[in-house]
1. Give me the number: length gained by fully extending Phe119 to Asn170, i.e. 0.36 nm times residue separation minus the C-alpha to C-alpha distance, one decimal in nm.
2. Around Leu421, under 13 Å between beta carbons, what's the net of Lys plus Arg minus Asp minus Glu among the other residues?
3. How many nm is it between the label spots at Arg272 and Ala440, if each spot is 7 Å from the Cα in line with the beta carbon?
4. Quick one: compute the contact order of the chain, relative version, from alpha carbon pairs under 8 angstrom and 6+ residues apart, as a percent.
5. Taking the chain as the reference, fit the longest principal axis to its C-alpha atoms, fit the long axis of helix 105-114 to the helix C-alpha atoms, and give the angle between the two in degrees, 0 to 90, nearest 10.
6. Taking amide hydrogens as modeled 1.01 Å from N in the peptide plane, which residues meet the under 5 Å criterion relative to Val348, leaving out close sequence neighbours?
7. Any idea what log10 I(q)/I(0) is at q = 0.06, 0.08 Å⁻¹ for the chain, Debye with uniform C-alpha scatterers and no solvent?
8. From the phi angles alone, apply the Karplus equation (6.51, -1.76, 1.60; θ = phi - 60°) to the stretch 66-73 and give each ³J(HN,Hα) in whole Hz, x where the residue is Gly or Pro.
Amino acid sequence: MCGIVAYIGEKNAYPILIKGLHRLEYRGYDSAGLALLQDKVNVMKTKGKVSRLEEFCEDKDTSGTVGIAHTRWATHGEPNEQNAHPHMSNDKKMALIHNGIIENYQVLKAELLKRGYEFESNTDTEVLIHLIEDIKKQHANMQLSEAIRLALTQVVGTYGIVVVSIDDPNTIIAAKKGSPLIVGIGEDEFYVASDGSAIVEYTKRVVYLKDGEMAIIRKGEDLHLKTIEDKKITPYVQELEINLTQLEKGDFEHYMLKEIYEQPNSIADSMRGRLNVKKEVVSLGGIIEYEETILRARRIIIVACGTSYHAGLIAEYMFEELVRTPVEVEYASEFIYRDPIIYEDDVVIAISQSGETADTLAAVNLAKTKGATVLGVCNVVGSSIARATHAGSFTHAGTEIGVASTKAFTAQVTVLTLMALCLAKRKGKISRTEYYEMIAELEKIPEKVKYTLQTDALAKEIAMYIKDSRNALYLGRKYNFPIALEGALKLKEISYIHAEGYPAAEMKHGPIALIDEEMPVIVVATDGDIYQKVISNIEEVKSRKGKIISIVTAGDVEVKKLSDYVIEIPETLEMFIPFLAIIPLQLLAYHTAVLRGCNVDQPRNLAKSVTVE
Ligand code: G6P
């Protein structure tokens, strides 16, 4: 949450900052602002999206080769211009942007108020800049970096910050704890950003700041790093793994639709080099060293949030069926605060697209302190969770920009499937024939997903039907239960129609009371050993006049008879149905949101990367 971008060099900073903010807008879009070093610190900020900031700046002085910029997802203080970043010191000489939460801001603020500092906003962030100013005032000639360092020693909470000062116009200072920050190194210029997407077109050479590290960036000098404890560090330069074309919408109207359509390729990319049907090999290089540990594990605990949690539920069913190791799936936010029992011979798998979700990261750290082996399934290379885990496998779905996760989800399921298959084989829990049948079918999934995308027109037609509904119920059983949850999440997050996912049989214990002729019930009723049971659940809905929209296996007869709308998906093994069943549900949510005039890529109140607890 909150996007940060900063530039120092010889070029005009403004266009770089604005473009960077657009790229980071998925991290929050409540307000946007920037500060340019001119003959003064020129701060410009507006409520709302980056485009509003751009309009505001049109007739303003946007010169300057040093600048910082921010797009906000509000935590403390409502989204308005006053609370937008950058925040300035009282003497107007310094400006600061921040991503994270300063937990002890009230104590710090009370002290600063006593000392005569005036606050313009209701944010937690503003205390930082006044604290820095106060320290500077108390120590004449103290360098900006030192004042920032001392201020940060007083802070409890999380931060990624960048500070500029007119007294030191050739310097920017960045520091990080708990919120991501990278420094990009160009030719005689530097960039700072929350993630690589904001700077990839200028440089691919980056340094990922670690928690408790500061970067002192001066024009014409090498990058200096040190810790908050004042220990010098040698920068470790890495290559950014982002492809620029993934950051553009191409011919698609929205990123979400583009990303839905990318799934045949992204799933194939997740499998690339890991699945070889001819040689009957499935191998995940990132976890090879840990295979024995996983096989000996007492238990696998999966921690995740949002869509990644749903991928975790699918993995639970798969791991228990194929590997026969007990699996628990936990919302990371619950896991960390309920004093969970974690054994040293547990294996914890953290699933996260961004690799930055604060709760999931906290769960990783908790599990590590208890001595468990912690693996990551992340999409973003170099992300905090990817670095904090002992080992893991990247999903390689490519950059996902739409706030509603689509291709990252199917890529997570792909990696988790590969993991389950290679462990099951090593453990001897499935026969060679079964194993072969599964890997051969898995290889066909990208093609079948491509075919399933043909349901697009029908999904649009059904969207016309459900677009004015106030509620929707999604039902599924076994592997289709997590798909019901994910389908409902997609609809509610982008179209704002209240939707719930339920295990089809559980409907009798509550949601059935909601069913009437106004209620669309989306049932994933594909072939499998509980097909007949799901039909009974559909009958229960039907007899209460609910409208049935069903996702069935091609050639289905029985469910069709009971349905108002039917979407057919190709036949596959029961375990792999989620890959296909989710496609029409993603499309249904997408078209419904578009028809309702919603901002599909940037739904209200949401952010793609949730870096606050
Ligand atoms: C946010 C996003 C979701 C995502 C969830 C977990 O809520 O809007 O799309 O599933 O965070 O994010 P992660 O990056 O950890 O998968």
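The values are calculated or read from the model by the stated rules, or taken from the named source; none is laboratory data. In this text, all values refer to a predicted model and were calculated from it rather than measured experimentally. When we count neighbours, we look across all protein chains shown, and the Cβ atoms used for this are built from the backbone with ideal geometry, even at glycine. Side chains are part of the model used for accessible areas, which takes the heavy atoms of the whole protein and leaves out ligands, DNA and RNA. Shrake-Rupley method; radii C 1.70, N 1.55, O 1.52, S 1.80 Å.
1. On the way: separation 51, 0.36 × 51 = 18.36 nm, distance 2.71 nm.
The span from Phe119 to Asn170 would gain 15.7 nm if fully extended.
2. Numbers: positive: Arg274, Lys425, Arg426, Lys427, Lys429, Arg432; negative: Glu280, Glu291, Glu321, Glu434, Glu437, Glu441, Glu443.
Here the count lands on -1.
3. 2.6 nm
4. Relative contact order for the chain comes out at 11 percent.
5. Rounded to the nearest ten degrees, it is 20.
6. Those lying under 5 Å, H to H, from Val348 are Ile301, Thr373, Val374, Leu375.
7. Values, matching the q order: -0.34, -0.59.
8. Result, rounded to whole Hz: 9, x, 10, 8, 8, 10, 10, 10.
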